[in-house]
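This report refers to the structure that appears directly beneath it.
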There are 2 protein chains.
Amino acid sequence: MPSGPISFSSRPTSIGRARLGTLGTPHGAIDTPQFMPVGTQASVKSVTPADLHLIGAQIILGNTYHLSLRPGAERIARLGGLHRFMAWDGPILTDSGGFQVFSLAHLREVDDEGVTFASHIDGSRHRLTPESAVAAQEQLGSDIAMAFDELVDPSRDSAAVAGAMERTHRWAERSLAAHSLPDQALFGIIQGGIDPELRTRSVAAISGLPFDGLAIGGLSVGETKAEMEGTLRVVAEALGDDARPRYLMGVGSPLDFFVAVEQGIDLFDCVLPTRVARTGQLWTSEGRLNIRNSRFQDDPGQVDPECRCETCKTFSRAYLAHLFRAEELLAYHLATVHNLTYTLDLMRGIRAALADGSFASLRNTVQARYGNAESRTKRPVTDQ
Amino acid sequence: MPSGPISFSSRPTSIGRARLGTLGTPHGAIDTPQFMPVGTQASVKSVTPADLHLIGAQIILGNTYHLSLRPGAERIARLGGLHRFMAWDGPILTDSGGFQVFSLAHLREVDDEGVTFASHIDGSRHRLTPESAVAAQEQLGSDIAMAFDELVDPSRDSAAVAGAMERTHRWAERSLAAHSLPDQALFGIIQGGIDPELRTRSVAAISGLPFDGLAIGGLSVGETKAEMEGTLRVVAEALGDDARPRYLMGVGSPLDFFVAVEQGIDLFDCVLPTRVARTGQLWTSEGRLNIRNSRFQDDPGQVDPECRCETCKTFSRAYLAHLFRAEELLAYHLATVHNLTYTLDLMRGIRAALADGSFASLRNTVQARYGNAESRTKRPVTDQ
């Protein structure tokens, strides 16, 4: 294993391939399994860094695609890097922009060298290559950078999926060769769609490279729950006892965490808890709650009786129902604080359950609350 | 003077009619002169009650018109009153809805009994009378309620202004007769436009009634600075040594405070600091600053080097410039925190300057920073 800017130690548990670990970074240690709130544009929408600490966030994610377009990675570098720019002193992982180029940008032209695309903001033309994506992340100064990968529409034929995967492997080597920032880790991304053979080949190619960690891309993009779980199994088997941290990109929902943790996943990110919060969907110990439902207008109770967050400690369901109806900005803040607290506390609960053997019991409880109408949420095209 | 639910003691200063005072309410004491942030729809936009305490707010304002339409004053009463509903434990003043009925509602029909109007939200028909406006404020449970008044377009002829004033006087008596909540103060509103004779008559009528405090309405609605200052002089002279607290409604901007304090005003409210904050206009010790100006994109300095607020302590101008360009929700929060802190600290500075004799010096400093391009800002029709 390469020695790098991060450290990772984990121990197996009694639950499948699930493990408990500690990931050390230049900006502090992270308990794993862990969820990373998404701060697309150098801001986790509607909350401050002080809020994030209160919520219990240990690491957040920034999007290289967005930050490169606005305000620009060079500008952030001149201003002292992403940590100083957004005033977050904890660890940051940046993605490489690969996902957004393929989900958000327009007029894509992919060649073996890189991708040319039009900005979703103003239509201006830009180009990302493995080298420029790594350079941008070095300018941002994140603790963990990601290799540049090619994503394809999962409904394309297997030749297209295989072609993108092979290109991702070549780009992985180029990302590694281009990376030189000593205080920044670099993770590789495993692709291959939902084809077991392709996934196995991708694990071999990516895990054979001296990355500091390994990510699983190309999931949570429209496949069924069974397909996601099957693919995670294939990847986990192929990875065997690889000791590096494993990051499942773009997942997830409360039930997804259990499926993935059991397959050995250590890190998650997803816009879901923050995005649905802003529509009034609150995640609680009693299941999903749509605060816009008229029955909450007279409900003096707290959003989640079991929650420790400032929203639940301070305000009633009736007040949140009013704020959403009145389209008050405070609504989005209070709902975001709650959903992130729920998600991070669920992850803490999962870690505790892995430690004390109550994982199956916790999973059953959450399944009972979230099992109905759990939709396979396609990863939203606008991050956050 | 009537004994009521509030107490007010003030002492004269060396500056004109300016005075320093303490206003006691059922939810705590207020240093005067004081500014009240506006929480139109049971929320000071984008900030929490905890933020308001950090900012230094001692009292906030709620709008009876907005709250009656949504979520409803009866609903708030069932939920324990406005303090509990919005989780603000400090003093609250509610206006009577008079201003909003005349600035915001549609299809107004005024008769001597009251006003029938169409909601600006959904066009539904509603009616407000002095009795129902007082009843709504009793349901909200504010510390200070306002009598229901009639406002007219200040460009109307003097007969129209006089007619609305006379009706306001009749409605003042009916508001007093209708008011019965022992823990709530009731303030009367002086009208009369910018006509000295009408204003003098209105002072006599309103100050002759047993209100707990006196407000000056019908200013900051498009008149010139000289007209406002002249009217304040007329009112102050007519009030003489009346010992009750004096509240100038809908004012103001940094320079307006000096003009009004010198004429003996104790309380202010205005949507300006919060409303302009959300457009990127920041009030600083160096004057107005439009954070959307491109020169701030690379400025690592803090918004206001002399400010104590969380925004200034934590973030750079460059970061705020980015948040506004990216239309991030956090932009509106951070700008609001700053502008309210500036306003409340300016008011604290005015109190200190009244105490130590440096009022003229402080006024000159602020005049130098805010004197240019100070526009007579018409009170915005959408409160906040």
Rounded to two decimals, the Rg over Rh value of segment A:61-171 from Cα coordinates and the Kirkwood Rh reads 1.00
Restricted to segment A:7-270, the DSSP antiparallel beta bridge percent, nearest 5, is 50
For segment B:277-364, whose charge dipole is built from +1 on Lys and Arg Cβ atoms and -1 on Asp and Glu Cβ atoms, the candidate among B:355, B:324, B:283 with its Cα farthest towards the positive end is B:355
Counting all Cα-Cα pairs in segment B:28-85, those more than 19 Å apart amount in percent to 33
Cα extents of segment B:184-249 per principal axis, largest first, Å, are 34, 21, 16
FRET efficiency for residue B:118 and residue B:153 from the Cβ-Cβ distance with R0 = 25 Å, rounded to 0.05, comes out at 0.85
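Per residue of B:322-334, what is the mean number of Cβ atoms on other protein chains within 10 angstrom of that residue's Cβ?
Working: counts 12, 5, 0, 4, 10, 1, 9, 9, 13, 1, 3, 8, 2.
The mean count of partner-chain Cβ atoms within 10 Å per residue comes to 6.
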Shape descriptors of the protein assembly as shown over alpha-carbon atoms, Rg and Dmax in angstrom, are 30.0, 92
In whole angstrom, the spacing between the Cα centers of segment A:350-366 and segment B:4-75 equals 49
GNM on chain B, Cα springs under 10 Å; top mean-square fluctuation among B:169, B:126, B:338 goes to B:126
If each part is reduced to its alpha-carbon centroid, segment B:88-118 and segment B:183-207 end up apart, in Å, by 17
The FRET efficiency for residue B:255 and residue B:356, from their Cβ-Cβ distance with R0 = 22 Å and rounded to 0.05, is 0.60
Per the helix-only model, chain A has a calculated mean residue ellipticity at 222 nm (DSSP H runs of ≥4, -39500 (n - 2.57) each, divided over all residues, rounded to the nearest 500) of -12500 deg cm²/dmol
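Using Cα pairs under 8 angstrom and six or more residues apart, how large is the relative contact order of chain B, in percent?
Relative contact order for chain B comes out at 18 percent.
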In the protein assembly as shown the cysteines whose Cβ sits 4.7 Å or more from every other Cys Cβ are A:270, A:309, B:270, B:309
Rounded to whole angstroms and listed largest first, the alpha-carbon spread of segment B:277-364 along its three principal axes comes to 45, 22, 20
Farthest towards the positive end of the dipole of segment B:79-226, among B:142, B:102, B:169 and with Cβ unit charges of +1 on Lys and Arg and -1 on Asp and Glu, lies the Cα of B:102
If unit charges are put on Cβ atoms (+1 for Lys and Arg, -1 for Asp and Glu) and the dipole of segment A:1-99 is taken about its Cα centre, the option from A:43, A:18, A:59 lying farthest towards the positive end turns out to be A:18
Sorting from shortest, the nanometre distances separating the label point of residue B:300 (7 Å past Cα along the line to Cβ) from those of the same residue in the other copies are 5.3
Per its Cα gyration tensor (rounded if a/c is under 1.5, else prolate when a/b beats b/c, else oblate), segment B:251-293 is best filed as oblate
Given unit charges at Cβ for Lys, Arg (+) and Asp, Glu (-), the dipole magnitude of segment A:7-270 about its Cα centre in debye, nearest 20, is 420
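Which value, in debye to the nearest 20, describes the size of the charge dipole of the protein assembly as shown about its Cα centre when Lys and Arg Cβ atoms bear +1, Asp and Glu Cβ atoms bear -1, and nothing else is charged?
Details: 74 positive and 90 negative charges, 12 e Å.
That gives the protein assembly as shown a dipole magnitude of about 60 debye.
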Sorted largest first, the C-alpha extents of segment A:137-212 along its principal axes in whole angstrom are 39, 22, 16
Relative contact order as a percentage, segment A:252-293, C-alpha pairs under 8 Å and 6+ apart, gives 27
Of B:306-315, B:239-248, ordering from highest average Cβ density within 10 Å down gives B:239-248, B:306-315
Magnitude of the Cβ-charge dipole (Lys and Arg +1, Asp and Glu -1) of segment A:123-205 about the Cα centre, nearest 20 debye, reported as 200
Scaled by the rule-of-thumb 2.2 N^0.38 Å, the alpha carbon Rg for chain B gives a ratio of 0.95
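Every number here is computed from the coordinates shown, using simple stated rules; none is lab data. The shown structure was predicted, so the numbers you read here are calculated from the model rather than taken from an experiment. Neighbour counts are summed over all protein chains in view; Cβ atoms, including those assigned to glycine, are modelled from backbone coordinates with ideal geometry.
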